[in-house]
Amino acid sequence: MRHSSQHLTPELFVAEFTPTGSLRQKVGAKGRVHIDRPLHFLVLHRSDEPALSVARRIATNSPAYIVWEPEDDHAAAAALHEVVAAMRSNFGEVLIVSLFDVSAPETPADAPYLPQFRVVIGSDNDNGATRAATALANAMEEVEIDLRRCGVERQTLPYFEPAVSDLVNEEPGLSHVSFGLPPVHRAPGGAIYPQLFRDLANAGGDALLRAACAFIAEGRGSAPAHYRSLGRSALLAAALSADRKLDKIARSYDFLLSVSPINTAEAMTDFLVGGAVGPPNFHYRPLTVDPDATKRRLYAIDLSKLEDPLLENLLSEKRREIDHQLTMLSARNTPKFRPASMLLYGGVDAALLAAAHDVLGAAPPKRPARGEMLGADDISAAGSALIANYTSFDERFAPAVEVRDDLAAGLMVSGGKLLVSRDTKLARHRLDALLAHEVSVHLLTWFNGSLQPLSAFRTGLAGYEGLQEGLGVFAEYAVGGLTTSRMRMLAGRVVAVDAMLNGADFAECFRLLSDEFSERTAFNISARVYRSGGLAKDLIYLQGFKAVIDLVASGTSLDFCWLGKIAPAHAPLIEELLQRGLLRPPRLIPEFMTRPDTKARIARLRGRTSLGSILNEE
């Protein structure tokens, strides 16, 4: 439909473009123009009810838009005139997309049916507009929201917002497409269904970028390799601010140190001397945060102003993960801790438990030849030497190495530090593997993530731990140091978590593991799993390793894994952010990935996904 209106003479508007061609400026009292960079298209939307308008949300998520309210009609006309003139000076021809909300039908609150899920698309008849409208329609026809497939109504003339239709018609070199969004997100009484609102806005925004890409491909320049590269290429201050606030909260406590005992060695001695009955008497550090007060700060962060659904989703996921961690801290050493840990790590499914038993069955217990043993000082010196090797490539890579008296035996990474327990004794043949795990995976991805525009890639996107630990175990395999004993231990952790989640107490789990492991190993596995009341985290090592092996076996490159701390589910989002220039390729790559023997082992993994079949002999 072509909207008629009284011709308005544009007010004076001076567009203050930056040297890079970006623009973000007020339009009248309540409007705004935003141009991310020089682009072939511009989105327009005039709102009567901004808070309820899904069309406005799609517009403000776009990389180039003008939005306004009725009282700013004159100002919008002026801004449109200036912006279109600048765009045409860059590209000659420009696509204008008018977004509007289809009027909601009168529906009784108790009606046994939902509003029709159908978008309305109109266009001019020039080739560019026609091709853009067709791409838009095709994209929306693929959308399914709340179990309903989207329908498309095509119109021969586009809709234009009041106050600018005459001005747009007078501008040469413009192609016009209109996009009407159905009110499926509107609830009776004027409220909205928030999930439907987000889903429709995300689907509509994605389809709009497809339309813009099709317009460019219609002889107007070189179309991008991926339509999503047309999305936002700069972060708004709101996104950077929200990210900084989330990062500050995430760094205000150390989750693993907070839930890990400080007297594991002493507790083991007392437990064994006492006949291995009853729970050990573990001691913990005092909490450094008030979980309830921290949650109030967490949810005071406004993510609704990011104008980027992908980033809003990533940061929302991270906020929920922090929320779950704080819930666990508040429930530490209570019966509520165990189920709370499943919010983060889930449970042991049948396939993972079967894989664990596969490993234990393929590698029967035996006493390893320990050889030369290294202490904490030797291990920290070797860690510092490997760090220095990376520092020679980039001097900014300079993590600290600390020998600590308050940790259980072993190595761990906390933030940008490598922590070595004073009680650690390590066979020399395991040193390369554990440093590859801790330094070349955990510290390296922390460093690469710290170079990304968003600090969430350093502290870790939601669910990152599974892939991180899987990559760590993969690093051990890649350097030839993933021993039978190590794989058995990871499998034992899965068995222990499964027992814990099914109600076994500490002593019962210890006895179960004693059939497969030494008393010391059985205790240490049980201590990890039962810390703070029952932590399901230890299932992710074998689970993550299996996920990485499946990636490699299928021929998938691991390059995306090194740019920060991410989860496998983020792979397509990472690709989009790279296309949009919002992420940087990893600065450092694990040195073990360049070794000839590593490449040979990776080649042998093609098509082999059974964990039992890839064990290395000690």
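The values are calculated or read from the model by the stated rules, or taken from the named source; none is laboratory data. Because the structure is predicted, anything quoted here is derived from the model rather than measured. Please note: Cβ atoms are built from the backbone with ideal geometry, for glycine as well, and neighbour counts cover all protein chains shown. Keep in mind that these areas ignore ligands, DNA and RNA; they rest on the heavy atoms of the full protein, side chains included. Shrake-Rupley method; radii C 1.70, N 1.55, O 1.52, S 1.80 Å.
Would you pick out the residues in region 144-153 that are open to solvent by less than 20 Å² (accessible area, probe 1.4 Å) and within 27 Å of the chain's Cα centre (by Cα)?
Passing the criteria: only Ile145.
Taking the criterion of being surrounded by 18 or more Cβ atoms within 10 Å (Cβ to Cβ) and either over 37 Å from the mean Cα position of the chain (by Cα) or modelled with pLDDT under 85 (or both), would at least one residue in region 108-117 satisfy it?
There is no residue in region 108-117 that is surrounded by 18 or more Cβ atoms within 10 Å (Cβ to Cβ) and either over 37 Å from the mean Cα position of the chain (by Cα) or modelled with pLDDT under 85 (or both).
Yes or no: region 235-250 includes at least one residue that is assigned to a loop (DSSP other than H, G, I, E, B) and acidic (Asp, Glu).
no
Quick check on my filter: what residues within region 467-522 are acidic (Asp, Glu), farther than 21 Å from Leu431 by Cα and either at pLDDT below 95 or assigned to a helix (DSSP H, G or I) (or both)?
The answer is Asp498, Glu508, Asp515, Glu516, Glu519.
Considering (1) at pLDDT 95 or above; (2) in contact with a Pro (Cβ under 6 Å, 6 or more places away or on another chain), say which one Lys537 fails and leave the rest.
(2)
What do you reckon, is Pro38 more than 26 Å from Thr156 (Cα to Cα), modelled with pLDDT under 95, surrounded by fewer than 18 Cβ atoms within 10 Å (Cβ to Cβ) and in contact with a Gly (Cβ under 6 Å, 6 or more places away or on another chain)?
yes
In the set Ser384, Ser440, Ser455, which member is among the polar types (S, T, N, Q) and closer than 20 Å to Lys599 by Cα?
Of Ser384, Ser440, Ser455, the one residue that is among the polar types (S, T, N, Q) and closer than 20 Å to Lys599 by Cα is Ser440.
Can you say whether Ala51 is within 26 Å of Asp199 (Cα to Cα) and surrounded by 18 or more Cβ atoms within 10 Å (Cβ to Cβ), as far as the supplied structure shows?
For Ala51, the condition - within 26 Å of Asp199 (Cα to Cα) and surrounded by 18 or more Cβ atoms within 10 Å (Cβ to Cβ) - is not met.
Going by the conditions given, is Arg332 closer than 28 Å to Leu407 by Cβ and basic (Lys, Arg)?
yes
Is region 244-252 home to any residue that is crowded, with 18+ Cβ neighbours inside 10 Å, touching a helix residue (DSSP H, G or I) at 6+ places or on another chain (Cβ under 7 Å), within 28 Å of Glu93 (Cα to Cα) and among the hydrophobic types (A, V, I, L, M, F, W, C)?
Within region 244-252 (the criterion being crowded, with 18+ Cβ neighbours inside 10 Å, touching a helix residue (DSSP H, G or I) at 6+ places or on another chain (Cβ under 7 Å), within 28 Å of Glu93 (Cα to Cα) and among the hydrophobic types (A, V, I, L, M, F, W, C)), the answer is no, since none of the residues qualifies.
Taking the conditions exactly as written (of a type in the set (Lys, Arg) and surrounded by fewer than 24 Cβ atoms within 10 Å (Cβ to Cβ)), does Arg32 satisfy them or not?
Yes: the conditions hold for Arg32.
Yes/no matrix, rows are residues, columns are (1) surrounded by fewer than 20 Cβ atoms within 10 Å (Cβ to Cβ); (2) out of contact with any Cys (no Cβ under 8 Å at 6 or more places or on another chain):
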{"position": "Ala522", "(1), (2)": "no, yes"}
{"position": "Ser526", "(1), (2)": "no, no"}
{"position": "Ser532", "(1), (2)": "no, yes"}
{"position": "Asp550", "(1), (2)": "yes, yes"}
{"position": "Gly555", "(1), (2)": "yes, yes"}
{"position": "Leu558", "(1), (2)": "yes, yes"}
{"position": "Cys561", "(1), (2)": "no, yes"}
{"position": "Ile566", "(1), (2)": "no, yes"}
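Within the group Val43, Val84, Val94, which residue is modelled with pLDDT under 95 and either in contact with a Phe, Trp or Tyr (Cβ under 6 Å, 6 or more places away or on another chain) or closer than 23 Å to Gly581 by Cβ (or both)?
Result: Val94 is the single residue among Val43, Val84, Val94 that is modelled with pLDDT under 95 and either in contact with a Phe, Trp or Tyr (Cβ under 6 Å, 6 or more places away or on another chain) or closer than 23 Å to Gly581 by Cβ (or both).
So is Phe197 touching a Gly at 6+ places or on another chain (Cβ under 9 Å), farther than 30 Å from Arg332 by Cβ and not small (Gly, Ala, Ser) or not?
Here the answer is no, as Phe197 does not meet what is asked.
Right, Ala300: touching a helix residue (DSSP H, G or I) at 6+ places or on another chain (Cβ under 9 Å) and free of Cβ contacts under 8 Å to residues at least 12 places away in the same chain or not?
yes
Out of curiosity, is Ile574 under 14 Å from Leu314 (Cβ atoms), surrounded by 14 or more Cβ atoms within 10 Å (Cβ to Cβ), among the hydrophobic types (A, V, I, L, M, F, W, C) and touching a residue at least 24 places away in the same chain (Cβ under 8 Å)?
For Ile574, the condition - under 14 Å from Leu314 (Cβ atoms), surrounded by 14 or more Cβ atoms within 10 Å (Cβ to Cβ), among the hydrophobic types (A, V, I, L, M, F, W, C) and touching a residue at least 24 places away in the same chain (Cβ under 8 Å) - is not met.
Tally time: how many residues in region 452-487 are of a type in the set (D, E, K, R) and touching an Asp or Glu at 6+ places or on another chain (Cβ under 7 Å)?
1
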